[in-house]
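First up is the structure itself, then whatever we jot down about it.
The values are calculated or read from the model by the stated rules, or taken from the named source; none is laboratory data. Quick caveat: nothing in here was measured; it's all calculated off a predicted structure. Glycine gets a Cβ as well: all are built from the backbone with ideal geometry, and neighbour counts include every protein chain shown.
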Amino acid sequence: MKIVSFSRERGAPEGTVVLGVMDGPWTIGSRIVAAVLETHDFKVVHAGSDIASEHMVTQAVAARADVVAVGSYLSYKLNQVKELDERLAKAGLRNKIRLILSGPAGSKRVAEEYGADSYARDAEEVLEQCRAFMSGKKAEMTARRRVMTALELQPPDGVSLVAFSMTFSAKHADIEFSDYVSQAEAMAEAEIKACRRFGWDNVCNSTDVAIFAQSVGAEVYMPEDDIPRIIKPAIYPFDKELFKRITDYGAPVLIHCCGNVPQCIPFAPAVNPGGAIQFDYQVKLKWAKELIGDKMTIMSNLDCNQVLQLGLKEDVLEARRRAIQDAAPGGGFWLSGGCEIPRDMPYENMEAMLKAIKEYGRYPIVTESMS
């Protein structure tokens, strides 16, 4: 007897899914899921059964996975899902990969508690979630395009997450801050690692430039009383000319204003037309949006100390929700803190910033659903 097999031509895969069972030898469920996914043109990598979280991450890296789907059968081993979530974050993959939990020990509540993006009851739901994720991923803007669209005062696909981060990035990368501010390679390494882990679209940073200038012989004047009334006559004309030269070369300019300086906001569009401004948490975000939001991009101003560093994850999510509600509609908005990201800000609070964008920051912004 001759067995005739039928096959159809396949194009590029819809996406790559790594499948595995983390807490036991059961494989029937994962094989059913694999068969369904492969039938619908997904590439499936079998990580195995009764496997450790580090093995799942190794497989995800090697396969350049879009989705990691894990089956869990034993409730007392659910902490392995949380370990997987954390290891994916440390590998710089968490904000790029969809983590799906399935199996009898899971649920929607369990998925949320242990760091998974979603829970799937069966193979059909795994397929639906993989399709939805890949559809959104293919339509997603690049980080640069998202940031530049906001600068053009247009709504991008989602709110940009932009961090003013120096000591936080250096600590995260285990780099001495003295090296960070004095060695370009160290600064770049720290910022790249933080961007990959926390899903930032862009980063703003600085060094003690006045000190470096002074050390090579430049004359540096340190005023005793630098009050706002000197800005217009002594600084405004020079900044305006400097910003024009920078933008003529094709680079947008961000103004950063420390402290409670609402008096500086009204004339910012004139000194930095088409650019962006960041101000501290004391300035009312909604007021600033109404005043200059149609003229320049606003980089939001969450309280870096009381909220980002000392607050709970839920506090960060709520503060981000309000910021998006107050200033994101219409575009021209980047999500961030009001000043430099604190060195000891908990990583879970930083991760909550990206979660807030996924929940509330997709355009078009619907403010009614946030209340």
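Filtered by the rule that a residue be more than 15 Å from Gly20 (Cβ to Cβ) and in a helix (DSSP H, G or I), segment 82-112 gives Lys82, Glu86, Ala89, Lys90, Lys108, Arg109, Val110, Ala111, Glu112. Of the helices (runs of 4 or more DSSP H) lying entirely inside segment 271-371, those carrying at least 1 residues that are within 30 Å of Lys232 (Cβ to Cβ) are 285-292, 313-327.
Which ones in segment 262-303 are of a type in the set (A, V, I, L, M) and under 19 Å from Asp326 (Cα atoms)? Full working, then the answer.
Looking only at segment 262-303, we keep the residues that are of a type in the set (A, V, I, L, M), and these are 265, 268, 270-271, 276-277, 283, 285, 288, 291-292, 296, 298-299, 302.
Ile265, Ala276, Ile277, Val283, Leu285, Ala288, Leu291, Ile292, Met296, Ile298, Met299, Leu302, listed by residue number.
crowded, with 19+ Cβ neighbours inside 10 Å, more than 13 Å from the chain's Cα centre (by Cα) and not in a loop (DSSP other than H, G, I, E, B), is that true of Ala163? Answer is no for this residue. In segment 85-94 there is at least one residue matching the filter, namely being under 26 Å from Glu38 (Cβ atoms), in contact with a Leu (Cβ under 8 Å, 6 or more places away or on another chain), modelled with pLDDT under 90 and not aliphatic (A, V, I, L, M). Would you check which residues across segment 67-96 are polar (S, T, N, Q) and surrounded by fewer than 22 Cβ atoms within 10 Å (Cβ to Cβ) and list them? Across segment 67-96, the qualifying residues are Ser75, Asn79, Gln80, Asn95. Pairs are defined by a Cβ separation below 6 Å, a sequence spacing of at least 6 or placement on different chains, a first member in segment 347-363 that is of a type in the set (Phe, Trp, Tyr), and a second member that is in a helix (DSSP H, G or I); the pairs so defined are Tyr360/Arg321; Tyr360/Ile324; Tyr360/Met370.
Screening Gly311 on (1) surrounded by fewer than 20 Cβ atoms within 10 Å (Cβ to Cβ); (2) farther than 17 Å from Lys284 by Cα; (3) not hydrophobic (A, V, I, L, M, F, W, C) shows it passes everything except condition (1). Out of Ala356, Ala323, one residue alone is under 22 Å from Asp85 (Cα atoms) and either assigned by TED's automatic domain parsing to the domain that holds Pro269 or more than 14 Å from the chain's Cα centre (by Cα) (or both). It is Ala356. Residues considered: Ile298, Ile365. Of these, the only one that is farther than 26 Å from Ser206 by Cα and of a type in the set (Val, Ile, Thr) is Ile365.
Being assigned by TED's automatic domain parsing to the domain that holds Ile365 and either touching an Asp or Glu at 6+ places or on another chain (Cβ under 9 Å) or among the aliphatic types (A, V, I, L, M) (or both) holds for only one residue in Ser118, Ser182, Ser178, Ser165, and it is Ser165.
Selection of first residues in segment 231-245 that are under 14 Å from Cys257 (Cα atoms) and in the same structural domain as Cys258 (by TED's automatic domain parsing) and of second residues that are surrounded by 14 or more Cβ atoms within 10 Å (Cβ to Cβ) and modelled with pLDDT of 90 or more, restricted to Cβ pairs under 7 Å at least 6 apart or on distinct chains, gives the following pairs, ordered by first then second residue: Tyr236/Val271; Asp239/Val271.
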